[in-house]
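The values are calculated or read from the model by the stated rules, or taken from the named source; none is laboratory data. Everything numeric here is computed off the predicted structure, so don't read it as measured data. Heads up, the Cβs are rebuilt from the backbone with ideal geometry, glycines too, and the neighbour counts pull from every protein chain shown.
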Amino acid sequence: MNKLATVIVNGNAGVGVAENMMSGLVHVRGDASQAAGATAHGGMLVIDGNASARCGISMKGIDIVVKGSIGHMSAFMGQAGTLTVLGDAGEALGDSLYEARLFVRGSVASLGADCVEKEMRDEHRAELGARLEAAGLAGTVDVAEFRRYGSARQLYNFHIDNVY
Amino acid sequence: MTQDRIPRPSPHTVPRKSATFDDYTLSEIRRAAATGIYDIRGGGAKRKVPHFDDLLFLGASVSRYPLEGYRERCGTDVVLGSRFASKPIDLKIPITIAGMSFGSLSAQAKEALGRGASAMGTSTTTGDGGMTAEERGHSTKLVYQYLPSRYGMNPDDLRKADAIEIVIGQGAKPGGGGMLLGQKISPRVAAMRTLPEGIDQRSACRHPDWTGPDDLEIKILELREITDWEKPIYVKVGAARPYYDIALAVKAGADVVVLDGMQGGTAATQEVFIENVGIPTLAAIRPAVKALQDLGMHRKVQLIISGGIRNGADVAKCLALGADAVAIGTAALVALGDNDPAYADDYAELGTVPGAYDDWHEGNDPAGITTQRPELAARLDPERAGRRLANYLSVMALEAQTIARACGKSHVHNLEPEDLVALSIEAAAMAGVPLAGTDWIPGRGPF
Amino acid sequence: MCGIVGLFIKSPKLEPELGALLATMLEVMSDRGPDSAGFAVYGDGRSDRVKLSLHAPGGADFQAIAATLEGQVGTKVGVTIRSSHAILEVPAERETALRDALGQGYPLVTVVGTGARMEIYKEVGQPADVARRFDLSSMAGTHGVGHTRMATESAITTAGAHPFSTGRDQCLVHNGSLSNHNSLRRTLRRDGVAFGTDNDSEVAAGYLTWRLRQGDSLKRALTSSLDTLDGFYTFVVGTESGFAVLRDPISCKPAVMAETDDYVAFGSEYRALADLPGIARARVWEPEPATVYSWERAA
């Protein structure tokens, strides 16, 4: 529930780092466990290492930048904000996604239900560039190497085909 | 043209319908076949289950004596959250308003709940979707729910609340998440929840960053730190395995536990879920109280019971079985005007009748309560509806007092299980009280 | 439902007559409680010795029991036998050993009270018979309480007769009926208070014992019982050096008190006090509701 503060973790972080953050910055210099940035409404979370499962679950406006890779079910039900991953994404990325925007440079093990790859237009490249810059990565990473994923918006209303 | 008729057998039997395949079941099969999706509705379990009607009080007579109605003191106040919180909640009556979200209810309905509860010196509760300025403004005591979805959850509103309720489940759907269909995701609701307008919202069934009592303990400490150890922390569970769930909530550090039976309502859930998951309120209380007693925490961690509480007798029975307070949801909505026969024509247009309307998720509530449509919501006058709720709460408190006095109690909390008997073997076994006229408690030895 | 009496002697010259006065008071209250009767008397005692009041249903050969116990406990055991009861007296530090040996060897014998000075006797039957059987009128002491019982919701047994003693030199008699004793008993049991019956009055005794154990004075303990005990009650309570009376805030049950320079007396009805010496000049009053009256002997 961080608000305004800048928090730097000189090492690894446990479950739910920066959970429900409102604003400010949380910077993890090592790896992060599950549910990093869960339900966070704003601010920025930077993880220098890897993040485990459910990174950005139910995110509501936070910007997350993971320099390593992320685990399964990341950005599950993500509502708003951005999740930028320099490494790879695990299974079921962006399942039941709402309007959160996902940028992944490496491979994606699988996409979750209703998550699709979307075209990278200039506005998205600009947005991604701004996030990378905010994470102190300006000039070190090429935005052209990223692919964008978002909601297909097919789950937005109940329909027989949405039920498993 | 004449047509040959199939000859009727004579003598014939009257048409006989199946008890298994009754009219409702048949209609549901046809509905499912036509639409291909399960039925979603509001409210709680509608099936008949053993309930408080199956219990009776033993009034005082020769072996003990009653108190004079209206004259001799019979207290109804209750303090919630005295275990760890530095600012526990002091209620004048042991009846609170359960969590119902702005979104599932109109802003007018939320305001009316706040007005009615405040007038009677009791609390109301937010819901899945955050705190509105209106309900904070009109509720002298407001409990802020902390749900898996975390819609609108922020530290500022946490600090504005008088207590925090961590919701793990509810009686209508223990193990299920919230639901709010698109008809009710108005621009304001959408903005509060960070969701696109008009979509069908389904919330998570688990908290995203913790599961189970070991992680919950950490979460409770986090919430206490944010609120400077001032606010009582409630933990709400749906009734399924109350002995273990209550014991674990206490071990995780709860100040208050809220236990919601299967008759407890919901804004929208699958009918099959509502009717087939969870246990009746009556069956849930004694195991919960036993858990508190076994931990030496009975009356130290307060127990709030909800799910099908309708009148002062229900309140008194909950307290006698060991609860500290009750919460009402559906009954409060009815007091505001839900399912009122005055709107019979409107209900008919929706294909239903007053008393049966449960399509709360569709947002077409003629009474203007479970809707976000401005023209319908405007039908509810928050001041008048608030007064109706206050009247109803007052009657419930007076009824509970009447019963307590008849049993010789100077405070409603001095009612005991030993003041009760049961009318059915089922209720006797569930409530752990003797069958009326006997000293037999099914499932227990003679002594 | 019950009759209660109590007598607290202020003038030592009356101490030899305590039993005789109490016996008359008790007998007068027979109509109010024909099921059983009992009394506690605070007589001689030494702080380094302890008296156990024992009851054996139908009586027992207490001399033989005491002889056997002496061997097991390793000290001389004083014995005073009165009908179905006996008082065993040992040095205070041998109490636990005596109780253990009793419990193992004689499970049917129950300890109805323990203390340096207090002795308790109670039995099923007409109060006058009970007083006679135990020879109450021969007993001397500083104070005593008595009770005649008309049972309400619990069994007519010796164990269910008053006084109830749940702590050292503490006893209580009760007239009325408590309405929250079941819940309170469950709570007190958790806190280590032992109960031998399902009687409501024993819960009141247990509650006071628990408060006294927390360090409360008798007066404070009784004051707190006004918030905790629900229902109707008039209590007369004895401790090693004190005597107290409390009525519930509604006070339906009758109570009358009398005080002279020589004594303080309590009775459910005035007729229980009518034969006391000097009663005609005594200050006689009805105790106020929710008010603790207590007297303490100088140590």
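Of note:
- In the range C:203-251, the qualifying residues are those that are assigned to a helix (DSSP H, G or I) and among the aromatic types (Phe, Trp, Tyr), and the one that is farthest from residue B:74 (Cα to Cα) is C:210.
- Count of the range B:104-163 residues which are within 15 Å of residue B:383 (Cα to Cα) and among the small types (Gly, Ala, Ser): 11
- Test: residue in the range B:313-328 that is in contact (Cβ under 8 Å) with a residue 40 or more places away in the chain, among the basic types (Lys, Arg) and away from chain C (no Cβ under 14 Å): yes
- Scanning the range B:102-125 for residues that are part of a loop (DSSP other than H, G, I, E, B) and in contact with a Ser or Thr (Cβ under 7 Å, 6 or more places away or on another chain) gives B:104, B:106, B:120, B:122, B:123.
- The residue list B:110, B:92 contains one member that is under 15 Å from residue B:389 (Cβ atoms), more than 14 Å from chain A (Cβ to nearest Cβ) and surrounded by fewer than 22 Cβ atoms within 10 Å (Cβ to Cβ), which is B:92.
- When residues of the range A:57-71 are limited to those that are assigned to a loop (DSSP other than H, G, I, E, B) and away from chain B (no Cβ under 14 Å), the one surrounded by the fewest Cβ atoms within 10 Å (Cβ to Cβ): A:68
- Scanning the range C:158-202 for residues that are under 24 Å from residue C:215 (Cα atoms), part of a helix (DSSP H, G or I) and not acidic (Asp, Glu) turns up C:181, C:183, C:184, C:185, C:186, C:187, C:188, C:189, C:190, C:201.
- Among the residues listed as C:53, C:30, the single one being in contact with a strand residue (DSSP E or B) (Cβ under 8 Å, 6 or more places away or on another chain), closer than 27 Å to residue C:14 by Cβ and assigned to a helix (DSSP H, G or I): C:30
- For residue C:111, the test of being among the hydrophobic types (A, V, I, L, M, F, W, C), over 20 Å from the mean Cα position of the chain (by Cα) and in a strand (DSSP E or B) is failed.
- When the range B:34-58 is filtered for residues that are at pLDDT 95 or above and over 16 Å from residue B:270 (Cβ atoms), the ones remaining, listed by number, are B:48, B:49, B:50, B:51, B:52, B:53, B:54, B:55, B:56, B:57, B:58.
- Considering residues of the range A:15-40 that are of a type outside the set (A, V, I, L, M) and more than 9 Å from chain B (Cβ to nearest Cβ) only, the residue nearest to residue A:83 (Cα to Cα): A:37
- The range B:217-244, subset of a type in the set (A, V, I, L, M) and more than 12 Å from every other protein chain (Cβ to nearest Cβ), residue nearest to residue B:104 (Cα to Cα): B:237
- The set of residues from the range B:178-189 being more than 10 Å from chain A (Cβ to nearest Cβ) and within 17 Å of residue B:147 (Cα to Cα) comprises B:178, B:180, B:189.
- With respect to (1) surrounded by fewer than 22 Cβ atoms within 10 Å (Cβ to Cβ); (2) within 14 Å of chain B (Cβ to nearest Cβ); (3) not hydroxyl-bearing (Ser, Thr, Tyr), the lone exception for residue A:54 is condition (1).
- Across the range B:356-412, the number of residues qualifying as among the small types (Gly, Ala, Ser), part of a helix (DSSP H, G or I) and under 30 Å from residue B:68 (Cβ atoms) comes to 6.
- Pair list, Cβ < 8 Å and 6+ apart or interchain, from the range A:127-152 residues that are part of a strand (DSSP E or B) to residues that are of a type in the set (Ser, Thr, Tyr): A:151/A:98
- Failed criterion for residue A:81 (all others in (1) within 14 Å of chain B (Cβ to nearest Cβ); (2) over 19 Å from residue B:194 (Cα atoms); (3) not in a loop (DSSP other than H, G, I, E, B) hold): (2)
- Residue in the range B:37-58 that is under 19 Å from residue C:180 (Cα atoms), out of contact with any Gly (no Cβ under 9 Å at 6 or more places or on another chain) and either within 14 Å of chain C (Cβ to nearest Cβ) or among the aromatic types (Phe, Trp, Tyr) (or both) present: yes
- Residues located in the range B:416-429, provided they are farther than 20 Å from residue B:77 by Cα and either in a loop (DSSP other than H, G, I, E, B) or more than 9 Å from chain C (Cβ to nearest Cβ) (or both): B:420, B:421, B:422, B:423, B:424, B:425, B:426, B:427, B:428, B:429
- Being in a loop (DSSP other than H, G, I, E, B) and either over 14 Å from the mean Cα position of the chain (by Cα) or surrounded by fewer than 24 Cβ atoms within 10 Å (Cβ to Cβ) (or both) is a property that does not hold for residue B:343.
- Filtered by the rule that a residue be farther than 14 Å from residue C:180 by Cβ and either of a type outside the set (S, T, N, Q) or facing chain C (nearest Cβ under 8 Å) (or both), the range B:400-415 gives B:400, B:403, B:406.
- When residue B:434 is tested against (1) within 12 Å of chain C (Cβ to nearest Cβ); (2) surrounded by fewer than 24 Cβ atoms within 10 Å (Cβ to Cβ); (3) touching a strand residue (DSSP E or B) at 6+ places or on another chain (Cβ under 6 Å), just one condition goes unmet, and that condition is (1).
- Residues that are polar (S, T, N, Q) and either assigned by TED's automatic domain parsing to the domain that holds residue C:245 or surrounded by fewer than 16 Cβ atoms within 10 Å (Cβ to Cβ) (or both) are absent from the range C:48-61 altogether.
- Taking residues in the range B:276-292 that are at positive phi and surrounded by 23 or more Cβ atoms within 10 Å (Cβ to Cβ), and partners anywhere that are aliphatic (A, V, I, L, M) and in a loop (DSSP other than H, G, I, E, B), the pairs with Cβ atoms closer than 7 Å and at least 6 places apart or on different chains are B:278/B:239; B:278/B:240; B:278/B:262.
- Among the residues of the range C:187-215, just one is surrounded by fewer than 16 Cβ atoms within 10 Å (Cβ to Cβ) and acidic (Asp, Glu), namely C:191.
- Answer from C:200, C:248, C:230, C:262 - the residue that is in the same structural domain as residue C:150 (by TED's automatic domain parsing), under 22 Å from residue C:161 (Cα atoms) and in contact with a Lys or Arg (Cβ under 6 Å, 6 or more places away or on another chain): C:230
- Exactly one residue among A:91, A:99 is of a type in the set (Asp, Glu), facing chain B (nearest Cβ under 9 Å) and out of contact with any Cys (no Cβ under 9 Å at 6 or more places or on another chain), and that residue is A:99.
- Matching residues, the range C:223-255, being in contact (Cβ under 8 Å) with a residue 12 or more places away in the chain, acidic (Asp, Glu) and within 23 Å of residue B:66 (Cα to Cα): C:230, C:248
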